[in-house]
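Quick note: the coordinates plus some simple rules give every number you see, no bench work behind them. Every value quoted in this text rests on a predicted model; they were computed, and no experiment measured them. Every residue, glycine among them, receives a Cβ derived from its backbone with ideal geometry; neighbour counts consider all protein chains shown.
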Amino acid sequence: MEKVKKKILVVDDDERHLIATQEVLTNEGYEVFTYSWWLGVTNFVRRLQPDLILLDINMPALSGTGLSSLLLSNSGTKNIPIVFYSSNDEDSLRKTVSEYGARGYISKGNIYELKRKVAYYLDNNIQ
Amino acid sequence: MEQDNAVTIGKLIISNECMPPYTEANIVADRFLKSAHLDAVALVEGREPIGLVTRHKLLFKLFKRYGFELYGKKPIIALTDTEPLIIHKDERLDVAIDKALERQAQDAYDDIIIVDDNDCYKGLVSVKQMIIQQSNSLANIIIQKEMISAKVNELKKAELMKSQFVANVTHDLRSPVNVITVVAELLNLDSERNDIEGLKRHLSLLMSGATNLRALINNILDLSKIEAGKTEVLNENFDIVTMLREVGETTRILIGNKSVDVEVIAHDGPIFIDSDPVKVKQILTNLTSNAAKFTEKGKIVLSLAAEGNNLSISVSDTGTGIKEIDLNKLFQPFSQLDYTKSKKNEGTGLGLTIAENIVKLLGGSIRISSKFGVGTTFTVQLPINQSDKTNAKTSAEAISLHDIKTIVLTEHEESYGKG
Ligand SMILES: Nc1ncnc2c1ncn2[C@@H]1O[C@H](COP(=O)(O)OP(=O)(O)O)[C@@H](O)[C@H]1O
Ligand SMILES: [Mg+2]
């Protein structure tokens with residue numbers, strides 16, 4: 001029986017980050033979904049039930065932090081692990097992670113860290 | 001502003017009225033009756049003060065029944081307080097007030113005698129005067145405190161804005177760099193696999209990231225140069241009509257294949273003004289590139305008019321428009337509105353901030369009017385610097401748009417004139 005692919009959702013308002021991230025992770029054998037518009041994102045997540053969400057923080061309309069609070073307070077989505085995926089500096093990322101109850105963060109710009117950390121967060125999805 | 005503890009009592013001397021101690025009481029009374037504002041007179045022997053006569057107490061005594069008969073001819077010293085309060089001129093005001101009010105109730109508001117280092121008589125100070133002065137300095141202290149705390153708040157705010165700015169710059173610079181790095185890795189994989197399609201796709205992504213980064217760096221450098229006051233204005237005499245047409249053509253190119261016409265409405269023939277052409281062009285380009293980005297169909301109109309001593313250039317579009325509550329956000333650095341955000345990649349959020357700063361530098365102003373869903377008009381007013389060296393078509397009169405010509409640049413980049 002073929003192994004079911006893990007589903008990853010990437011939310012980012014920068015199209016280029018979405019494309020690049022999707023390619024990298026698709027090559028790793030994941031099924032990657034992207035979302036660049038905050039409208040209806042919670043519904044989308046509820047229906048998709050991804051195994052991991054990579055969430056950009058600096059989006060003008062709805063901040064990644066706001067969105068993570070929303071997802072974590074919603075019964076249909078609160079068990080899905082959220083990882084911030086951002087160009088912010090690591091100090092501020094660490095703070096944001098603990099403040100908003102995300103699983104962790106991945107700094108943008110490094111393919112190897114992206115692959116490694118995504119694998120790690122998928123394997124260590126302790127609820 | 002005067003510091004409260006620097007106020008010494010000597011500075012408040014209002015009179016130096018004095019009389020010898022053996023003056024007849026009648027004469028002193030006469031002195032009081034003649035000058036209504038005189039409250040007290042010091043009795044001075046040699047230069048040493050030995051007593052104080054107050055209007056109220058002396059007249060009270062004399063005007064009583066038989067008062068003048070009983071006391072009128074007596075030496076005034078016999079009728080007065082011979083232990084008046086004497087204070088050194090350098091005494092602090094608050095200490096002096098305490099001393100004055102510590103006196104017996106009936107004496108508490110008597111004037112105070114001020115002496116110098118040699119105990120010589122300097123003059124009189126009224127308690128009322130002292131108290132007024134004291135409360136003024138208290139008020140000053142309060143005002144000072146308020147001013148200081150306002151200043152502190154201002155600094156805090158500026159500090160906050162600065163760190164917000166730095167945070168934005170940091171993030172916005174890293175973001176395209178990260179795109180470029182990741183895409184470079186993907187390109188690497190493509191070449192290992194001989195994947196030509198992948199190479200093409202990723203190269204264009206790389207270019208887009210690099211272009212964005214370049215724009216951002218240019219903008220940030222421009223802005224910091226302006227803010228550091230390092231931007232020089234180099235005025236030249238140039239034809240604004242030609243510039244407007246050139247900007248119109250560039251705009252048409254930026255629009256790509258969207259069905260948006262560009263119209264340039266200006267005087268038919270050159271209008272020379274004295275200003276900095278590079279900066280004027282940058283302002284116009286920043287405005288038209290926005291119009292091009294945020295307009296999907298309809299038209300973009302560049303027009304020129306004269307208003308008094310100002311030249312007014314407006315860029316209006318039939319694009320997304322801007323909600324009223326967002327209008328004042330636009331000129332803040334890094335502000336990009338959510339409903340225009342699909343184009344975020346193509347911008348830096350600095351264009352309008354820079355345009356506004358340059359306009360100010362050139363002595364002009366910028367206005368915006370917009371209707372959400374209908375369109376937006378930015379109007380730039382620049383002073384017309386009249387110069388006589390070339391043809392004097394710089395005056396408002398000369399620019400009165402009798403001879404208007406509209407140039408329409410359509411999708412196919414052919415231009416034709418009308419009007
Ligand atoms: N003509 C316009 N129509 C609609 N929105 C506009 C227009 N010009 C500017 N804006 C809004 O103002 C924001 C800031 O503009 P700007 O400072 O030029 O930055 P950028 O163009 O890099 O995004 C834009 O992102 C957009 O949301
Ligand atoms: Mg712009």
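Under unit Cβ charges (Lys, Arg +1; Asp, Glu -1), what dipole magnitude, rounded to 20 debye, does the stretch B:2-125 have relative to its Cα centre? Walk me through the numbers on the way to the answer.
Values: 16 positive and 22 negative charges, 160 e Å.
With only Lys, Arg, Asp and Glu charged at Cβ, the dipole is about 760 debye.
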Reach of B:Lys299 by Cα under 24 Å, taken over lysines that are not fewer than 8 positions away in the same chain:
B:Lys258, B:Lys281, B:Lys323, B:Lys341, B:Lys343, B:Lys344, B:Lys371, B:Lys405, B:Lys418
Over the alpha carbons of chain B, what is the largest minus smallest coordinate on each principal axis, giving the biggest first in Å?
124, 62, 39
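Given the convex hull of the Cα atoms of the stretch B:131-284, what is a quarter of its surface area in nm²? Intermediate values should be presented prior to the final figure.
On the way: hull surface 69.8 nm².
Across all orientations, the stretch B:131-284 yields a mean hull projection of 17.4 nm².
For chain A, the longest stretch holding no trypsin sites (Lys or Arg not before Pro) located in a DSSP loop with at most 13 other Cβ atoms within 10 Å is which?
Working: sites that count: A:Lys3, A:Lys5, A:Lys78.
For trypsin sites (Lys or Arg not before Pro) (loop position, at most 13 other Cβ atoms within 10 Å), the longest site-free span of chain A is A:6-77.
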Could you work out how far helix B:127-193 tilts from the main Cα principal axis of chain B, as a 0 to 90 degree angle to the nearest 10?
20
Springs between alpha-carbon atoms under 10 Å, Gaussian network over chain B: tell me which of B:Asn178, B:Asn310, B:Asn136 tops the mean-square fluctuations.
B:Asn136
Name the aspartates and glutamates eligible as straight-distance cross-link partners of B:Lys11: C-alpha to C-alpha under 16 Å, and not fewer than 8 places from it in the same chain.
B:Glu2, B:Asp90, B:Glu91, B:Asp94, B:Asp111, B:Asp116, B:Asp117
Over chain B, with a Gaussian network built from C-alpha contacts below 10 Å, which listed residue (B:Ile27, B:Ile240, B:Ile283) shows the highest mean-square fluctuation?
B:Ile27
If you take each beta carbon of peptide B:196-205 and count the beta carbons of other chains within 10 angstrom, what is the mean?
1
Filtering chymotrypsin sites (Phe, Trp or Tyr not before Pro) in the stretch A:1-67 by DSSP loop and by at most 15 other Cβ atoms within 10 Å leaves A:Trp37
In peptide B:208-221, how many Cβ atoms from other protein chains are near each Cβ within 10 Å, on average?
1
Spread of Cα-to-Cα distances over 5 Å intervals beginning at zero, given as percent, for chain A:
2, 11, 24, 27, 22, 11, 2, 1, 0
Ranking B:Val41, B:Leu223, B:Asn194 by how far each Cα lies towards the positive end of the charge dipole of the protein assembly as shown (+1 on Lys and Arg Cβ, -1 on Asp and Glu Cβ), the top one is B:Asn194
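Please pull out the direction-averaged projected area of the protein assembly as shown, using the convex hull of its alpha-carbon atoms, in nm² to one decimal place. Show your work: numbers first, answer last.
Numbers: hull surface 186.5 nm².
Hull-based average projected area comes out at 46.6 nm².
Return the loop-located trypsin sites (Lys or Arg not before Pro) in the stretch B:148-242 (DSSP other than H, G, I, E, B) with at most 11 other Cβ atoms within 10 Å of their own Cβ; answer none if there are none. Numbers along the way, then the final one.
On the way: sites: B:Lys151, B:Lys156, B:Lys157, B:Lys162, B:Arg174, B:Arg193, B:Lys200, B:Arg201, B:Arg214, B:Lys225, B:Lys230; in loops: B:Lys230.
In loop regions of the stretch B:148-242 (DSSP not H, G, I, E or B), the sparsely surrounded trypsin sites (Lys or Arg not before Pro) are B:Lys230.
As a test, work out the antiparallel percent of DSSP beta bridges whose residues both lie in the stretch B:2-125, rounded to the nearest 5.
Numbers: 14 of 19 bridges.
That works out to approximately 75 percent antiparallel.
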Considering all alpha-carbon pairs of the stretch B:234-409, what whole percent are spaced by more than 19 angstrom?
55
Over the stretch B:255-338, one equal point on each Cα, no solvent: what is log10 I(q)/I(0) by the Debye formula at q = 0.17, 0.20, 0.25, 0.26 Å⁻¹?
-0.86, -1.10, -1.32, -1.34
What residue among B:Thr82, B:Thr295, B:Thr348 has the largest mean-square fluctuation in a Gaussian network model of chain B, using Cα springs under 10 Å?
B:Thr82
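Exposure proxy check: A:Met59, B:Met147 ranked by fewest other beta carbons within 10 Å? Provide the component values of the computation, followed by the final result.
Details: A:Met59 22, B:Met147 11.
With the sparsest Cβ surroundings first, the list reads B:Met147, A:Met59.
If the limit is 24 Å between Cα atoms, which of B:Lys162/B:Lys329; B:Lys225/B:Lys279; A:Lys115/B:Lys162; B:Lys225/B:Lys329; B:Lys73/B:Lys122; B:Lys34/B:Lys99 go over it? Walk me through the numbers on the way to the answer.
Values: B:Lys162/B:Lys329 16 Å; B:Lys225/B:Lys279 13 Å; A:Lys115/B:Lys162 35 Å; B:Lys225/B:Lys329 22 Å; B:Lys73/B:Lys122 28 Å; B:Lys34/B:Lys99 31 Å.
Exceeds cut-off: A:Lys115/B:Lys162; B:Lys73/B:Lys122; B:Lys34/B:Lys99.
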Mean projected area in nm² (Cα convex hull; one quarter of hull surface) for the stretch B:203-272
7.2
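List the GluC sites (Glu not before Pro) within the stretch B:265-363 that DSSP assigns to loop and that have no more than 13 neighbouring Cβ atoms inside 10 Å. Display every interim value, and only then the final one.
On the way: sites: B:Glu296, B:Glu307, B:Glu324, B:Glu346, B:Glu356; in loops: B:Glu296.
Hits after loop and neighbour filter: B:Glu296.
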